[in-house]
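**Student:** Could you have a look at this structure, given as structure tokens, before my questions?
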Amino acid sequence: MAPPTSPRADVAAEPARSGADDAAGLGRARAAAFVAPALVLVAVFLVFPALWTLYLGTTDYRLTGVAASEPRFVGTANYRDVLGDGDFHRSLWLTAQFVIGSAVLGQTLLGFAVAWVMRDRPGPVRRLVEGLVLLAWILPSSVIAFLWIALLDRDGGTLNALLGTPGTAWLLDHPMGCVIVFNVWHGTAFSMMLYGAALGNVPPSHLETAALAGASTLQTLRDVVYPRVRGHVLTSLLLVGLWTFNDFTPFLITAGGPDGRSEIMSVYVYRTALGDGRLGAGAAVSLIMILINLAIALVYLRALRARRAAPAGAS
Amino acid sequence: MAAITVRGLTKVYPGGVRALDALGLDVADGEFFALLGPSGCGKTTLLRTIAGLEAASGGTVAFDGGEVTRLPPGRRGVGMVFQDYALFPHMTVLDNIAYPLRVRRRPRADRHARAADAARLLGLAGLEARRPGELSGGQQQRVALARALVAEPRVFLLDEPLSNLDARLRLEARTRLKRLQRDLAITTVFVTHDQAEALALADRIAVMEAGRIRQLGTPEEVFRRPANVFAASFIGSTPMNLLAGTVRDGRVAVAGAELPVPDEARGRLGEGEEIVCGVRPEYLDYASEATEGAFPGIVSVVEHLGGSALVTLDGAGGAVHVVVGEGREPEPGAAGWAVPRPGRVLVYRDGELVTGGEEEETRMDTTGGRR
């Protein structure tokens, strides 16, 4: 393969022939002993649960009853049931709304907008806005869930008092809307900070060159800013997308209801596995969720690679 | 092309820093104009205010008599080159040059044709498909020049256009820039902290300090007759000798020598006044024998400058620098005399040149600089 690039590589190659198969010269056994604790942790907490989930997904294991003590192997029956379940389809569709509405459109766009508007504001204004946005992010989920229930409550809710619409049951009439707005409010801070840092990477002279050419804000964003922050956009979309996809906080506000109208994927898993006690079916859905997560990550990696290949020579 | 008129221009930054102080300036149509000064003197702020990138706190900027003070930069017809060139790394050379036309939504064929013309004008033919990261510093600078010129601006602004080039390339780029400006006859203002660059390129120079213009003139005027001690010490590769002295018996006693009062200062100096006598090392001749009206001293340092040498004489009033021609360098430790050439000695009182040259005084007044 590649020729040795440093004298150190030559030295390392020498003892390899005399038995020890590593640069440090420890030998296989001692090297393995050093790595073992980490491997054990990974095995116990990652590999085993994953395999266990895989196994559970093929049984009719339940939380209670006969099947709890003697689970039977049912093959792909759980998967067939889940994929044919109308509740699962609805949950998938609601999750898509949730991710696209609150992660892609909401948090990413709003986070960028806040960062863009705040980039040349005087210090105090900027710090105040950033502080408030951050506060929404760092507060514990249970606390903000309580705050939002108080805000949206039908009787004596703050929003009804502000809008003068007493008696409007926001959480019953628009459960998905509430959950999406809530998640945007809750999670925008991450995108804002990410884009704030990214915008700092756009040289002022580039923005000024666009201004001198007479570019509009949209033209400036398209020609000067976007090419510079593209990597950040991808990172933000991936992370926020995955977090949102797996987010369970909406359960604290609507509990998936009313009538399953805000039952996103994580809530569906929770209801199936723990609510209905069908652990086997829950495990099957969990595996499907993992596969969807992997698919999102793959799309991201593909996009990132395309980005690296495109601007050749541009560092 | 346009003449630039600046009147009473003031820029106060938040926090109270006064970068420009009621500054006035006229740049003629087609002129190559330099703003020269140390860092923090306001020269870049002035340039950016002309471009519209900074909003003036007071005063006006006009191109050809039409006020542009409130116009956004994109509607002023200004082309500007930044110190870091500000090339877009994701665009090819041709797309970079064509960018101002693209913003104006010119048809693709038209803007590419004009960008190719601009590239050819600046010797970039054959590089159109490359990206800025694949170009040398000099080529990048020329791409930036081409992009600033492609939309045929009325005013061409350059912010330290040569400072990012290495020394050898800088001379080449300087010559090219001067030729380009002369061929296009476009009104050009450039900012530099390098006095040699300003002297070499500009038709006229404004020497700035603390938000004001301290001297305005052609390179010859600014070099030969600095209007004040600040300009005198700032201009010149070898700094001017500035020697403290007094007026005695109608003559100037300075650094162990007695010089006649220069013609222009005659009748303007009182007996016993404290003055500063300025004379450039280039305008002093070295003599190895005692000479009337020369600064005496002991040769302490001899620095070779190539075709000449800079000799430092330690004398009564401090060190005096003399430029000595090739092959006539004295030995350190020898006694020497520095003989001023006639008419080259300047007398400064309170930091300002003592002179009867009224035309220069009035020019300073109309442009709003300190008298």
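The values are calculated or read from the model by the stated rules, or taken from the named source; none is laboratory data. Note that this is a predicted model, so its numbers are computed, not measured. So basically every Cβ, Gly included, is an ideal-geometry build from the backbone, and we count neighbours across all protein chains shown. Heads up: the accessible areas ignore ligands, DNA and RNA and are worked out on the full protein's heavy atoms, side chains in. Shrake-Rupley method; radii C 1.70, N 1.55, O 1.52, S 1.80 Å.
**Student:** With Cβ to Cβ distances under 10 Å as the rule, what net charge do the other residues near B:ASP84 carry (K, R +1; D, E -1)?
**Tutor:** Working: positive: none; negative: B:ASP159, B:GLU160.
Residues close to B:ASP84 contribute a combined charge of -2.
**Student:** With N set to the number of residues, divide the alpha-carbon radius of gyration of region B:1-89 by 2.2 N^0.38 Å and report two decimals.
**Tutor:** Relative to the 2.2 N^0.38 Å estimate, region B:1-89 comes out at 1.08.
**Student:** To the nearest 20 debye, what is the magnitude of the charge dipole of the protein assembly as shown about its Cα centre, counting +1 on the Cβ of each Lys and Arg and -1 on the Cβ of each Asp and Glu? Write out the running numbers ahead of the final one.
**Tutor:** Details: 68 positive and 68 negative charges, 515 e Å.
Here the protein assembly as shown has a charge dipole of around 2480 debye.
**Student:** Wrap a convex hull around the Cα atoms of chain B, take a quarter of its surface area, and give that in square nanometres.
**Tutor:** Details: hull surface 85.2 nm².
Seen from a random direction, the Cα hull of chain B projects 21.3 nm² on average.
**Student:** What is the antiparallel percent of DSSP beta bridges lying wholly in region B:4-230, to the nearest 5? Show your work: numbers first, answer last.
**Tutor:** Values: 18 of 36 bridges.
Among the beta bridges of region B:4-230, antiparallel pairing accounts for roughly 50 percent.
**Student:** Would you be so kind as to identify which of B:ALA265, B:THR218, B:GLY325 lies farthest towards the positive end of the dipole of chain B, taking Lys and Arg as +1 and Asp and Glu as -1 on Cβ and the Cα centre as origin?
**Tutor:** Checked the options; the winner is B:THR218.
**Student:** What residue among B:MET91, B:MET208, B:MET80 shows peak mean-square fluctuation when chain B is described by a Gaussian network model with Cα springs under 10 Å?
**Tutor:** For chain B, modelled as a Gaussian network with Cα springs under 10 Å, the answer is B:MET91.
**Student:** Toward the positive end of the charge dipole of region B:231-350, about the Cα centre and with charges on Cβ (Lys, Arg +1; Asp, Glu -1), which of B:TYR348, B:GLY245, B:LEU305 goes farthest?
**Tutor:** The residue sitting most towards the positive pole is B:TYR348.
**Student:** Springs between alpha-carbon pairs under 10 angstrom, Gaussian network model over chain B: which of B:GLY256, B:GLY333, B:GLY30 fluctuates most?
**Tutor:** B:GLY333
**Student:** Which of A:MET289, A:MET192, A:MET118 moves most in a GNM of chain A, Cα contacts under 10 Å?
**Tutor:** Answer for the Gaussian network model of chain A: A:MET118.
**Student:** A further question follows. In the protein assembly as shown, what percentage of the DSSP-assigned beta bridges are antiparallel, given to the nearest 5? Each step should come with its number before you reach the end.
**Tutor:** Details: 61 of 79 bridges.
DSSP beta bridges in the protein assembly as shown are roughly 75 percent antiparallel.
**Student:** So what does log10 I(q)/I(0) come out to for the protein assembly as shown at q = 0.05, 0.11 Å⁻¹, using the Debye formula with one equal point on every Cα and no solvent?
**Tutor:** Evaluating at q = 0.05, 0.11 Å⁻¹ gives log10 I(q)/I(0) of -0.46, -1.16.
**Student:** Roughly how many Å² is the accessible area per residue of region B:4-230, as a whole number, for a 1.4 Å probe?
**Tutor:** Working: 8780 Å² over 227 residues.
I get 39 Å² per residue for this part.
**Student:** Whole number in Å², please: accessible area per residue of region B:231-350, 1.4 Å probe, ligands, DNA and RNA not counted.
**Tutor:** Working: 5640 Å² over 120 residues.
Here the per-residue accessible area is 47 Å².
**Student:** To continue, here is another question. In debye to the nearest 20, how big a dipole does region B:231-350 give about its Cα centre with +1 on each Lys and Arg Cβ and -1 on each Asp and Glu Cβ? If you can, show how the numbers build up before the last one.
**Tutor:** Working: 9 positive and 17 negative charges, 53 e Å.
Here region B:231-350 has a charge dipole of around 260 debye.
**Student:** Further question: Need one word for chain A: rounded, prolate or oblate. Basis is the Cα gyration tensor (sqrt eigenvalues a ≥ b ≥ c); a/c below 1.5 gives rounded, then a/b vs b/c decides.
**Tutor:** Numbers: a/c = 2.28, a/b = 1.06, b/c = 2.15.
It is oblate, given that a/c is not under 1.5 and a/b is not larger than b/c.
**Student:** Right, next: Summarise the partner chain shielding of B:87-95 as one whole number: the mean count of Cβ atoms from other chains within 10 Å of each residue's Cβ. Each step should come with its number before you reach the end.
**Tutor:** Numbers: counts 4, 8, 7, 9, 4, 0, 0, 0, 1.
Mean partner-chain Cβ count within 10 Å for B:87-95: 4.
**Student:** Right, something else. Can you give the convex hull volume per residue for the Cα atoms of region B:91-217, as a whole number of Å³?
**Tutor:** On the way: hull volume 15.6 nm³, N = 127.
Cα-based convex hull of region B:91-217, divided per residue, equals 123 Å³.
**Student:** Shifting gears a bit: Have a look at B:LEU47, B:VAL155, B:LEU201 and report the one farthest towards the positive end of the charge dipole of region B:4-230, computed about the Cα centre with Cβ charges (Lys/Arg +1, Asp/Glu -1).
**Tutor:** Most positive-ward Cα: B:VAL155.
**Student:** Taking only the alpha carbons of region B:231-350, what extent do you get along each of the three principal axes, in Å, biggest first?
**Tutor:** That works out to 42, 29, 21 Å along the principal axes.
**Student:** Need one value for A:198-208: mean number of C-beta atoms belonging to other chains within 10 Å of its residues' C-beta atoms. Each step should come with its number before you reach the end.
**Tutor:** On the way: counts 0, 0, 0, 0, 0, 3, 4, 11, 6, 2, 8.
Rounded to a whole number, the mean comes out at 3.
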